[in-house]
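The values are calculated or read from the model by the stated rules, or taken from the named source; none is laboratory data. The structure presented is a predicted model; accordingly, all values stated were derived computationally and were not measured. Cβ placement follows ideal geometry from the backbone for every residue including glycine, while neighbour counts extend to all protein chains displayed. Quick note on the areas: whole protein, heavy atoms, side chains included, nothing else; ligands and nucleic acids left out. Shrake-Rupley method; radii C 1.70, N 1.55, O 1.52, S 1.80 Å.
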Amino acid sequence: MRIVAGELKGRRLQSPPRRSAAVRPTADRVREALFSILGDIEGARALDLYCGTGALGIEAVSRGAATAILVDTHTALARRNVTDLGLGDRCEVVRSDARAYLRRTRRAFDLIFCDPPYKLADRLEGELDTLIGDRLAPGGRLIVEGSARRPLRLELPLVLERRYGDTLVRIHTGDAG
């Protein structure tokens, strides 16, 4: 895995063993397509929930986001990537359940990446709408990655949906209508 673009383009990210059950990194080609869709993110405040390796948040910082908070219950890979890339001043790694983090933070974010384990999707749907919607800054976007077979369904307005093989990427906004 590598950073696709920006100031850190081409730098390697530590990734899990091939058959890791705990971490399922976003493929480079999906990240490239996603950030192409997002466009200019200069100065954005990003939150990467269920961050795994931290690839989405780190990619955002590489492309100009001011800061990224990387949240997961397993943070070893994300911490190592942040340290190895010298991003400690712009990336904060938080070991926490994503829902617990959303309940306690009062920060607002311009970009929220949410890539939960596929098996959790059913249990997250109702709660995430409220928790994430309250954390989106005006004009903010929520990017949800999930299984194309069983997408995470949220009530937030859907702006765009793209499928990449078995992966479905949906972009929501907190803005009504």
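A simple spin-label model places pseudo-atoms 7 Å from Cα toward Cβ; at ALA100 and SER15 they are separated by 3.0 nm. Once the chain from GLU42 to THR83 is taken as fully extended at 0.36 nm per residue, the excess over their C-alpha distance is 12.6 nm. Taking a sphere under 11 Å around the Cβ of ASP122 and counting the other residues whose Cβ falls inside, with K and R at +1 and D and E at -1, yields a net charge of +3.
Taking amide H positions as modeled 1.01 Å from N, with prolines and chain starts lacking one, the residues under 5 Å from ARG2 and 5 or more places away or on another chain are LEU13. Normalised per residue, the accessible area of segment 1-153 is 47 Å², obtained with a 1.4 Å probe and no contribution from ligands, DNA or RNA.
Here the chain exposes an accessible surface that is 46 percent carbon and sulfur, computed with a 1.4 Å probe and the other protein chains kept in place.
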